[in-house]
1. Run the quick spin-label model on H78 and E103: label points 7 Å from Cα toward the beta carbon, then report their separation in nm to one decimal.
2. With no solvent and one point on each alpha carbon, what is the Debye value of log10 I(q)/I(0) for the range 3-140 at q = 0.09, 0.11, 0.18 Å⁻¹?
3. Which value at 222 nm does the chain reach when only helices count, each DSSP H run of 4 or more adding -39,500 (n - 2.57), with the total divided by all residues and rounded to the nearest 500 deg cm²/dmol?
4. Treating the beta-carbon of each Lys and Arg as +1 and of each Asp and Glu as -1, no other charges, what is the dipole magnitude of the chain about its Cα centre, to the nearest 20 debye?
5. How far is the Cα center of the range 6-30 from the Cα center of the range 75-144, in Å?
6. Between E20 and E93, what is the FRET efficiency for a Förster distance of 30 Å, r being their Cβ-Cβ separation, to the nearest 0.05?
7. Students often check this: by mean Cβ neighbours within 10 Å, which of 19-30, 97-108 ranks highest, and how do the rest follow?
Amino acid sequence: MNVDALYAIRKDVFVRAPVERAWTMFAERLGDWWPLATHSLGGERAETAMLTPERIYERWADGTERTWGQVLVWEPPHRVVFTWEVGEDSGNEIEVVLVPEGEGTRVELEHRGWESGTRESWESYDGGWAQVLARFVDSVREPE
């Protein structure tokens, strides 16, 4: 597959929670579940991650903030779109849509804009999003 043929990464997961709770966990409590040690700019230095109506970013223990992207669309509790400006992957865009489904919520993620990306980076994100979303699903589970 050449770079021009790279297509959007699409992942979806189902959580047994109403859309409002799924949104709260995804957007307002991002730092509670995001795997910062392995999926951040600061690694072990990263203390939390945040998603606001303006941007998505991480904060380190020393107060340093590193922006991951700018929010383009903020439609709680159903949709958020933000740029992805992490390293060589600047210029990508991520859209997350939360859709009520039965007794829960379907969370659909699309990571697009790979025209200037590499196959290696695309493959890394394809696997990485599966890991990140698995952590999200675990964070939404209601206590038994």
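1. If labels sit at H78 and E103, their model points lie 2.5 nm apart.
2. Log10 of I(q)/I(0), two decimals: -0.25, -0.38, -1.05.
3. Values: 3 runs with 31 residues, N = 144.
Using -39500 (n - 2.57) per qualifying helix, the result is -6500 deg cm²/dmol.
4. That gives the chain a dipole magnitude of about 180 debye.
5. The range 6-30 and the range 75-144 have Cα centres separated by 7 Å.
6. After rounding to 0.05, the efficiency reads 0.75.
7. Values: 19-30: 19.2, 97-108: 16.4.
Descending packing order for the listed peptides: 19-30, 97-108.
Read-outs throughout are calculated quantities, based only on the coordinates presented, and are distinct from any laboratory measurement. Quick caveat: nothing in here was measured; it's all calculated off a predicted structure. Counting neighbours? That spans all protein chains shown, and the Cβs are built from the backbone with ideal geometry, glycine included.
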